[in-house]
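The values are calculated or read from the model by the stated rules, or taken from the named source; none is laboratory data. Just so it is clear, the structure is predicted and the values come from calculations on it, not from any experiment. FYI the Cβ positions are ideal-geometry reconstructions off the backbone, even for glycines, and counts take in every protein chain you see. Heads up: the accessible areas ignore ligands, DNA and RNA and are worked out on the full protein's heavy atoms, side chains in. Shrake-Rupley method; radii C 1.70, N 1.55, O 1.52, S 1.80 Å.
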Amino acid sequence: MAMMNAQQYRESLAKRKPLKVYLDGKLLADPLAHPYIRTSMNTVALTYEMAHDAEHRQLMTAKSALTGETINRFCHLHQSTDDLINKVRMQRLLGQRCGTCFQRCVGLDALNAVFATTFDMDKKLGTSYHARFRKFAIAMEQNDWIVDGAMTDVKGDRSKRPAEQRDKDMYLRVVERRAGGVVIRGAKAHQTGSINSHMVLVMPTVSLKPDEKDYAITCALPSDAEGITYIYGRQSCDERKLGGGEASDIDAGSPTYGGQEALMIFDDVFVPEDMIFMNGETEFAGPLVDIFASYHRQSYGGCKVGNGDVAIGAAASIAESNGVAKASHVKDKIVEMNHLNETLFACGIACSANGKKLPAGNFFVDALLANVCKQNVTRLPYEIARILQDIAGGLMVTLPSAKDWLNPETSEVLKKYLAGAEGMSTYERVRLLRLIENLTMGRGAVAYLTESMHGAGSPQAQRVLISRLANVEEKKVYAKSLALNNSLESVESAIRAGLKKLRAPAKDPAPARAADLAPVK
């Protein structure tokens, strides 16, 4: 099959068996028709539409390393640092166009992480997982699948390990091994775009000990597999998409596009053997998590920067509507927003440009810089949002309802008293304020702010890896070499040997005489 376009993508979802989706306490008869899900599906469709657009095709597509065919970049195994950089550039572009999460990054990052990990497993253990996963990767490319990367377990009591939980299902696990496959049970939380996906790629979420083999499961299955239930996640201000017509368009802030998160329940789901890529190999769970996390933390240097571009554009536009665009402090605030946003982009590009080829053949980011990138993403978008709210003003959260705007009895007085700068459209001003509210407080804030904090792991998760990867001991060698006046040869020798310290002088120098310490007159 050739790359799908947006309409073919929508049709492909409709061909699945009916998904079991609960939303607002109800089982949905037609999930794809619901306004929440429809807008999130529109966002994913954009990734297909732009792959066929002449202006963006080169960035949105790549040459497959497995078949040589042209494929959507979201199905691509990175073959160079240029590929890693183009991934970030593509994510920024899409973030600019939709202002929210476009839901395909997790699958792309999982694809590359599992490809690399299965290669290492086969090399060490003599298993055949990599050849099996290679077939899955080719199918993903040729069918242009959306793959939901399912890593995050619900975790239960965070002070206890998976095997120590009172309820063993707090981490997804194998509950039965039978001829031809396994049966899995558990749940995966915060599943981005899962209802909009064709396939689910399950992975462990933590490093595992030898006695936790049942939790070391990586596998793929269709999103409509028997036994999977989806419970749609509630987001702030989401009911504004239910008003219908122009009222919901105005109050929603961003009426066309939206993100999607769901709790995915696996109730004794059977997985056939040819779709299993890890089954009890606990020593490789941690490396898989680390590789995936670094890829995904790189991603945030692209998508959140694109969302930030929308926030900066909204700040500049509302400043014009408010009549303050020429005020020096407003111009300086917009400069600061750009400075922060481009800092995030620089981190995303840096960890890509400093990437390296893995034994499996695909390219991996600089893990330290990827974690630095994501650590900055946990902070800087919040400051960008704060400045945006500062420029917008309080009307952002005290605007009357769109229904009042459309009511003949109140519309004229609202047009009169909600007017801004002379010559600027009051209607445009209202729409911009609703967009800003959406980006910083409403449904859009889930993608721009909450995901910035918790997506790809909590801030502490990045700090743990930064501590592990920063090589402070080598930095101590640099400092001590200067303080102790060691030769270049001794410094290089210490670094090569991994020494914790350099040789100090044989004995402490003689104490200085009091006369030597007297101030110069």
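Run the helix sum for the chain: -39,500 (n - 2.57) per DSSP H stretch of 4+ residues, divided by residue count, reported at 222 nm to the nearest 500 deg cm²/dmol.
Rounded to the nearest 500, the figure is -15500 deg cm²/dmol.
When ligands, DNA and RNA are left out and all protein chains stay put, how many square angstrom of accessible area per residue does region 317-414 have with a 1.4 Å probe?
Computed with neighbouring chains in place, this is 46 Å² per residue.
Starting from the Cα of residue 416, draw a straight line to each of the lysines and keep only those under 26 Å, dropping any in the same chain fewer than 8 residues away.
Once the sequence-local lysines are set aside, what remains near residue 416 is 326, 403.
Just checking the chain: which Cys have no other cysteine's beta-carbon under 4.7 Å?
Cys with no partner Cβ under 4.7 Å: 75, 98, 101, 105, 219, 237, 303, 351.
Below 8 Å, C-alpha to C-alpha, sequence gap of six or more: please give me the relative contact order for region 1-129 in percent.
20 percent
How about residue 480: which lysines have a C-alpha closer than 21 Å to its C-alpha, ignoring those fewer than 8 places off in the same chain?
500, 501, 507
Using θ = phi - 60° and the Karplus relation 6.51 cos²θ - 1.76 cosθ + 1.60, list the HN-Hα couplings for region 116-133 in order, rounded to whole Hz, with x at every Gly or Pro.
With coefficients 6.51, -1.76 and 1.60, one gets 5, 5, 5, 4, 5, 4, 4, 5, 8, 9, x, 7, 10, 5, 5, 4, 5, 6 Hz.
Along its principal axes, what span do the Cα atoms of the chain show, with the longest given first and each in whole Å?
That works out to 93, 85, 50 Å along the principal axes.
Using a Cα-Cα cut-off of under 21 Å, which lysines could be cross-linked to residue 155, ignoring same-chain neighbours fewer than 8 residues away?
Excluding near neighbours in sequence, the set is 168, 188, 209, 213.
For Cα pairs less than 8 Å apart in space and 6+ apart in sequence, what is the mean separation divided by the residue count of the chain, i.e. the relative contact order in percent?
It comes to 17 percent, rounded to a whole number.
Can you give the three extents of the C-alpha atoms in region 225-375 along their principal axes, from longest to shortest, in whole Å?
Result for region 225-375: principal-axis Cα extents of 64, 45, 20 Å.
Going by the alpha-carbon gyration tensor, a ≥ b ≥ c the square roots of its eigenvalues, is region 22-180 rounded (a/c under 1.5) or, if a/c is not under 1.5, prolate (a/b greater than b/c) versus oblate?
Here region 22-180 falls in the oblate category.
How large is ³J(HN,Hα), in whole Hz, for each residue of region 353-370 in order, when computed from phi with the Karplus curve 6.51 cos²θ - 1.76 cosθ + 1.60 and θ = phi - 60°, using x for Gly and Pro?
Once θ is set to phi - 60°, the couplings for region 353-370 become 5, 9, x, 8, 7, 8, x, 6, x, 7, 9, 10, 6, 6, 5, 4, 5, 5 Hz.
Whole Å is fine, so just give me how far the alpha carbon centre of region 323-381 lies from that of region 123-154.
Centre-to-centre distance over Cα atoms comes out at 29 Å.
Considering every pair of different Cα atoms, what Kirkwood radius, in Å, is found for region 376-423?
It is 13.0 Å.
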